[in-house]
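Here's the structure we're looking at; comments come further down.
The numbers here are math on the coordinates, done by the rules we state, and not lab data. A quick note: this is a predicted structure, and the numbers were derived from the prediction, not measured. FYI the Cβ positions are ideal-geometry reconstructions off the backbone, even for glycines, and counts take in every protein chain you see.
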Amino acid sequence: MTQRPTSRAELQDLLRSRRHPRVRLLGSGSRPAMVRRVPSDATFVSLAAMDRIERLEPGDLTCSVQPGVLRHELDLELRRHGLELPCAGTGTIGGLFAADDIGPLAPGAPAPRNLLLGLEGVLADGTPFKSGARVVKSVAGFDVHKLFVGSQGRLFAATLLHLKLRPLPRASCAFGVRNLSLADALAKFAGLRQEPAGVHQVTLLRDAAGACMLAGRLGGRASHLAALRTRFSLAESADAGPLQLHAEAGHELITGIVCCSRLNGLLADLPAAAPFLMHGGGRFWTVLPTPQVAPLLSRMPTHDAHAVAVSAADSPGTALDPGAATLTTAIRHALDPRGVLA
Amino acid sequence: MFAPMPALERRLTDLLGAARVITARDALLAWECDGFTVHRALPRAVVLPESTAEVQAIVQLLHGENVPFVPRGAGTCLSGGPTPSVPAVVIELARMKRVLHVSPDDLLAVVQPGVVNLDLTLAVQHLGLHYAPDPSSQSVCTIGGNLAENSGGPHCFKYGMTTDHMLGAVVVLPDGSLARLGQNAGPRAPHALDLPGVFCGSEGTFGIATEIMVRLSRDQESVRTLLAAFATMTAACRTVGDIVAAGLVPAALEILDQATIRAVEASVYRAGYPEDAAAVLLVEIDGPRQVVDEEAAEIRGLFLARSPLRIEEASTPAERKRLWKGRKGAFGAMGRLNTDLYVLDGVVPRTRLVEALDRIHAIAERHGVLLTNVFHAGDGNLHPNISYDGRDAAQTARTVAAGREILQVCLDLGGSITGEHGIGSEKLDYMALMYDPTDLEVMARVRTAFNPSGLCNPGKVLPTRNACAEVAKWPKMVERVLDDHQRRGGDR
């Protein structure tokens, strides 16, 4: 059974009651960043019913929304004011930020971590707190809210998120270039990554047959977009949203981050038949037969890369730096000493 | 308090050599404060490491001896962050000033903490790259200090703050162990927490960064600076709102008030600003040349709709430098107004700028203090500056009292007590005005995860546990600082 609190107070009461030794916070993000096993004694808690846009200040380019607000509903409201939340992701806003499963779509493009100004949250023991502010700039206190991004609800629940917005670009268009050789695709990908303006999203895809394509989105003034399309020979295309890979039975979906300069080495290390997808911001995905996953993850440090098997339950992923791992454990213990948030 | 500490000094000298361990009282005076000169305190010693290994050895020694320590960059902080709150050893990182690695393909650099902000841009400009965060002190402040404070600057409106450009860091934790937060490819691996995000802005209380990975930005093809002078501050602020409402995202939106304009024009930073103007608005736009042309035309139209006294436009580096000279030199120019300057750093929602400025002026009048305003209008980040004579106790007290009321106005309007200068020791008590005890308790828990011994820069950012009681009795803490300041007036 899933608990569905409709307010911060209800969530606090639920957590304070101590009737639930383990709680799994449910968010509907773009997709699960990682599959985690559910403890047998876990209670599911969904914040989907907390779905109000509490504040939208177009002149300040900020808004405050509850975690259950759906991305597409927020987008609709923002568009009415000529604004956007300039990051990828679908589902609920809480799930999107908790998962952060895509990161920036191009160098310098915003990722969820750049757009979260502050939040109100509840610790596993029901303690309410806030961090950050609702204005675009504040350095008062420690940025505890940054820990929420990508935490998958394992540190605390967010009950109100203060977000930074951006004006909608004057013009935008999707592009797609198919049937490229790997060399051509990499060259064009690198060139688009180096553009200081106008490239909001760029994605490189090598399919299982070795054919490559580039897709993405340009945004800005129409004159500049036209210039970019000409310079990079980019054909306008229908916007299919961010491309995704999927794993079939016996295979695992792997996601990671890698520097562009190490991309060739990483690709050479993958089986030729492994599909590969990478966003300009450094996030990549590939699909491998299950037996090949662990060896690849162990080789990631040689590529200065980090990765995790998305679809394998409780995959440890590439080993983190020991000091960072110790800090992660210490932070989890500090915020949830009883280990309630499973 | 300042008794010699021969045993510890000997051991520090064993690590670094005598030339890099400073304990003489006269020499220590150089480290008694940062840009927040109200709070002064001599460190027990200053050490000058040159490598991660040396920092680690120092911290291990101090941790073993239970001696507090404070990391410090160039000392340009404006909130007392690197000024010891208890007798402590200052670990000065200015000698760690090498750019270790630059990767143009990856748009990243790895630097030591003592690299000066502007020097990083100078080191990569031949590659068509720059480091975007540009605090006003960028010609002297260090990347390590920027990381500690999550520094901002005029170009935050478009490009964000230090945290938005930080990929990771190698950190000596307060127990002397090492941790690598983030990585070259990005601040957060898919299965990791955003440790760089929470470390950035921790004001030297979470550990000491000895290698910092930062994102570089590709230079724009064209940059243009526009100036509009207005007869009223309201018109200048409304123009900022017009620009944002039009969907434009300039690189910078800065305003100087008349008192600042006059101080600048009477100084070596003279930029040719009209002294009869109530406010000057500087707008910088960058991007492809054609885009900049289009946006400049649009912005000129928005200027004209608010009946400016004058419009100027600068395209060449020399012209742009002139227009920026007054803004960049504004704080220096205020040295003409009195012996001391208290630089405040509140934030309000951009749409509340006019109301905030009206209320701030009323506060200044009521306290009889000399106030100037120069601020990042695009971010709503105000810098009300109070010029005062620090030798005059009554004037200093009025200054601090006015400052406290100004920050309360920022909070009342839904803002923050600091946009880019940090809490340090200056705003320690004000934290409880912005946050509840449970908020502070959660922050304290995170700090304890990094700094369980509490030895790393103690007494900063978070007030003590009875903060609410302290605030109820405000301004006890500030009075204490002022009393101490006046007792040691002979040092100045």
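Among residues other than A:Leu234 with Cβ under 12 Å from its Cβ, the summed charge is +3 (Lys and Arg +1, Asp and Glu -1). Neighbour counts of other Cβ atoms within 10 Å put B:Leu195, A:Leu76, B:Leu48, B:Leu12 in the fewest-to-most order A:Leu76, B:Leu48, B:Leu12, B:Leu195.
On the basis of the beta-carbon distance and an R0 of 30 Å, A:Ala249 and A:Glu77 show a calculated FRET efficiency of 0.15. Annotation note: trypsin sites (Lys or Arg not before Pro) in region A:289-339 located in DSSP loop regions with a Cβ neighbour count of at most 12 within 10 Å are A:Arg338. Using the Cβ atoms and a cut-off under 14 Å, what net charge is assigned to the surroundings of B:Pro133, where Lys and Arg are +1 and Asp and Glu are -1? Combined, the nearby Lys, Arg, Asp and Glu give -3. Gap in Å between the Cα centre of region A:79-125 and the Cα centre of region B:59-102? If we compute the Cα centre of each part, the gap is 34 Å. Between B:Glu298 and B:Ala246, the modelled labels are 0.7 nm apart [label points 7 Å from Cα along Cα→Cβ].
The length gained on full extension between B:Arg270 and B:Leu309, counted as 0.36 nm times the residue separation minus their Cα-Cα distance, comes to 12.2 nm. Once the chain from B:Ala394 to B:Leu370 is taken as fully extended at 0.36 nm per residue, the excess over their C-alpha distance is 7.3 nm. Applying 1/(1 + (r/R0)^6) with r as the Cβ-Cβ distance of B:Glu319 and A:Ala222 and R0 = 35 angstrom yields a FRET efficiency of 0.75.
About its Cα centre, the dipole of chain B is roughly 740 debye, where the only charges are +1 on Lys and Arg Cβ and -1 on Asp and Glu Cβ. The simple spin-label model puts a point 7 Å past each Cα toward its Cβ; for A:Thr302 and B:Leu122 those points are separated by 4.2 nm.
Compare A:Asp207, A:Asp100, A:Asp321 in a GNM of chain A, Cα atoms joined below 10 Å, and give the one with the largest fluctuation. Ranking A:Asp207, A:Asp100, A:Asp321 by mean-square fluctuation puts A:Asp321 first. Simple rule: put +1 on each Lys or Arg Cβ and -1 on each Asp or Glu Cβ in chain B, find the dipole, and look at B:Tyr430, B:Tyr159, B:Leu282; the Cα lying farthest toward the positive end is B:Tyr430.
Note on chain A: with a GNM built from Cα contacts shorter than 10 Å, the maximum mean-square fluctuation among A:Gly89, A:Gly176, A:Gly141 falls on A:Gly141.
Listing A:Arg154, B:Arg72, A:Arg231, B:Arg310 from fewest to most neighbouring C-beta atoms within 10 Å gives A:Arg231, B:Arg310, A:Arg154, B:Arg72. What FRET efficiency would be calculated for the residue pair A:Ala273, A:Val35, taking the C-beta separation as r and a Förster radius of 41 Å, to the nearest 0.05? The calculated FRET efficiency here is 0.95. Across the cross-link table entries A:Lys137/A:Lys164; A:Lys137/B:Lys460; B:Lys158/B:Lys427; A:Lys164/B:Lys158; A:Lys137/B:Lys427, which are compared at the Cα atoms, the separations over 18 Å belong to A:Lys137/B:Lys460; B:Lys158/B:Lys427.
Residues B:Cys141, A:Cys173, A:Cys259 in ascending order of nearby Cβ atoms (within 10 Å, fewest first): A:Cys173, A:Cys259, B:Cys141. Counted by Cβ distance under 15 Å from B:Ser51, the other residues give a net charge of 0, where Lys and Arg count +1 and Asp and Glu count -1.
Helix-only arithmetic for chain B: the sum of -39500 (n - 2.57) across DSSP H runs with n ≥ 4, divided by the residue total, places the mean residue ellipticity at 222 nm at -10500 deg cm²/dmol. Spin-label pair B:Asp175-A:Ile53: with each label point 7 Å from Cα along the Cα-Cβ axis, the two points sit 4.8 nm from one another.
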